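First up is the structure itself, then whatever we jot down about it.
The values are calculated or read from the model by the stated rules, or taken from the named source; none is laboratory data. Everything quoted here is computed from the prediction, not taken from an experiment. All Cβ positions, glycine included, derive from the backbone under ideal geometry; neighbour counts span all protein chains shown. In case anyone asks, the SASA skips ligands and DNA or RNA and just uses the protein heavy atoms, side chains included. Shrake-Rupley method; radii C 1.70, N 1.55, O 1.52, S 1.80 Å.
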Amino acid sequence: MRAIRTFSLFSFICLVGAGCANSALNQIGASALASTGYVDSQQAAGLLSSGQKIVASQEELTAEQEYYLGRAVSAKVLSSFPPKLDVAKTKYLNEIGMTLASASDSPETFGGYHFVVIDSPTINAMSAPGGFVFISSGFVRELPDEDSLAAVLAHEIAHVAHKDGANAVSNAALFSALSEASMQGASIAVSQTSGAPALGLLTNALSDSVEGVMEKLLTKGFDRSQEYGADLYAAELLRKAGYNPSALVKVLQILEAQTGKDNAGWFATHPAPADRIEELQDEFSFAEVQTTSSARDARFKSVMGRKG
Amino acid sequence: MRSLLLLVVGVVLTSPCYADDVWVQVRESRVRAKPLFYATTIQSVKYGDRLSKIGEENGWVGVRAGGREGYLPLSAVSAKVIVFSSADVAKVKADPSELVLAGKGFSREIEQSFKKDNTSARFDLVDRVEREARASSGEVERFIKQGGLK
């Protein structure tokens with residue numbers, strides 16, 4: 001009998017804590033648990049509550065949450081660096097970006113990818129969670145062809161696909177706030193009562209997360225391993241999409257030539273270009289070098305207003 | 001005790017696990033005829049739509065939609081049950097770890113609250129970027145062909 005009771009208690013907690021238990025079961029859970037004789041009703045309610053908290057805890061941001069974090073980060077970025085939304089250039093940039101994104105393993109995000117030139121003379125590019133990708137007008141000016149422009153966008157798509165921005169702020173405090181809000185939503189539904197969501201808690205969590213991502217984008221940068229990982233992913237993405245992966249090395253050589261003249265933007269937040277080239281050449285085979293097509297050269301010059 | 005055992009066994013036998021279903025986790029997507037980004041659309045789907053999963057290959061998930069079989073990028077779907085109102089939470093037979101409550105957590109509502117504390121943040125420009133900085137599937141497909149890309 002004791003074995004049966006132990007089994008029952010164990011089964012019950014497993015069902016509530018991990019399996020396919022339903023909400024009705026949760027409602028009657030405390031009294032049923034108490035009836036096993038191992039716990040009193042107060043302990044039973046506590047057990048059930050912790051079980052729910054464990055299962056309600058989030059391990060990563062949902063696609064929708066990542067999108068709203070990305071929107072808030074972008075709102076901050078754009079307040080310092082306004083977008084340059086020339087129709088033809090914006091379309092061209094988004095056609096290149098979507099060509100790459102569609103070849104990635106994260107081709108669709110909650111709100112889709114958006115590629116934008118931002119007004120800044122500093123060489124810089126960054127991406128916000130969810131697929132907002134920014135490249136400075138100063139960087140665009142330095143790039144000689146479509147494949148080089150694609151190389152910069154591919155590096156930023158890599159950060160989006162790897163969720164580097166979202167992961168930088170994915171800490172226990174954030175998930176505790178999100179889980180608490182989720183629990184509130186669930187308990188309001190079960191008890192059929194109305195109640196305010198955890199507005200203050202979540203607004204603070206969003207503010208902290210935005211601050212954390214901004215710090216990475218504008219001052220601290222991601223870890224070196226994340227940057228090397230983004231370069232490697234970018235080279236593979238360029239090859240997959242039909243661009244010349246060597247364009248990424250070309251971009252890094254352009255940056256290398258600028259080192260010392262400019263210490264802000266990409267220079268402040270990324271490893272030294274020479275180190276990135278060395279790392280990339282160690283990890284990626286450039287053996288089958290493809291040539292840049294004349295059609296791509298022509299449209300780059302036409303849209304970007306460069307002389308042949 | 002017997003009734004509790006019956007209850008446990010009953011729940012195990014009757015609670016569906018939704019193991020063969022996926023939910024669309026992006027605002028909108030397309031079920032394609034082939035596992036290729038620019039393949040023909042056989043059905044448009046939106047956030048929270050439930051689809052019956054029939055397989056998975058190379059970053060694509062095979063689904064049954066509208067009586068036909070098609071494909072979506074794996075990044076566009078979630079194995080978690082997506083519900084839209086807290087009232088639906090009680091109706092769905094899944095525990096919270098398998099649930100996503102749409103519009104909760106970071107959401108439009110929290111964004112509005114964040115805006116009040118961050119009046120210099122330019123959400124108006126973000127809206128403009130979302131409207132203007134984009135390219136349609138047809139445009140990108142033409143762009144790829146014209147540029148000798150894949």
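Among the residues of the range B:45-64, is there at least one that is of a type in the set (Val, Ile, Thr), more than 18 Å from A:Pro107 (Cβ to Cβ), part of a strand (DSSP E or B) and within 12 Å of chain A (Cβ to nearest Cβ)?
No; the residues of the range B:45-64 include none that is of a type in the set (Val, Ile, Thr), more than 18 Å from A:Pro107 (Cβ to Cβ), part of a strand (DSSP E or B) and within 12 Å of chain A (Cβ to nearest Cβ).
Where in the range B:79-141 are there helices (runs of 4 or more DSSP H), lying fully within it, with 2 or more residues that are outside the structural domain of B:Gln25 (by TED's automatic domain parsing), touching a Phe, Trp or Tyr at 6+ places or on another chain (Cβ under 9 Å) and at pLDDT 95 or above?
B:108-117, B:123-132
With among the polar types (S, T, N, Q), open to solvent by 10 Å² or more (accessible area, probe 1.4 Å) and in contact with a Phe, Trp or Tyr (Cβ under 7 Å, 6 or more places away or on another chain) as the only criterion, which of A:Ser80, A:Ser102, A:Ser74 stands out?
A:Ser102
I'd like the full set of residues that are part of a strand (DSSP E or B) and open to solvent by less than 30 Å² (accessible area, probe 1.4 Å), limited to the range A:83-99.
Of everything in the range A:83-99, just one residue is part of a strand (DSSP E or B) and open to solvent by less than 30 Å² (accessible area, probe 1.4 Å), namely A:Pro83.
Report the residue count in the range B:99-150 for those that are in contact with a Gly (Cβ under 6 Å, 6 or more places away or on another chain) and polar (S, T, N, Q).
The qualifying residues number 0.
For the range A:226-255, which positions are free of Cβ contacts under 8 Å to residues at least 60 places away in the same chain and open to solvent by 80 Å² or more (accessible area, probe 1.4 Å)?
A:Glu236, A:Gln253, listed by residue number.
I need every pair where a residue in the range A:64-88 that is within 9 Å of another protein chain (Cβ to nearest Cβ) has its Cβ under 7 Å from the Cβ of a residue that is of a type in the set (Asp, Glu) and in a helix (DSSP H, G or I), sequence separation at least 6 or different chains.
Close Cβ pairs satisfying both conditions: A:Tyr68/B:Glu111; A:Arg71/B:Glu111; A:Ala72/B:Glu111; A:Leu85/B:Glu132.
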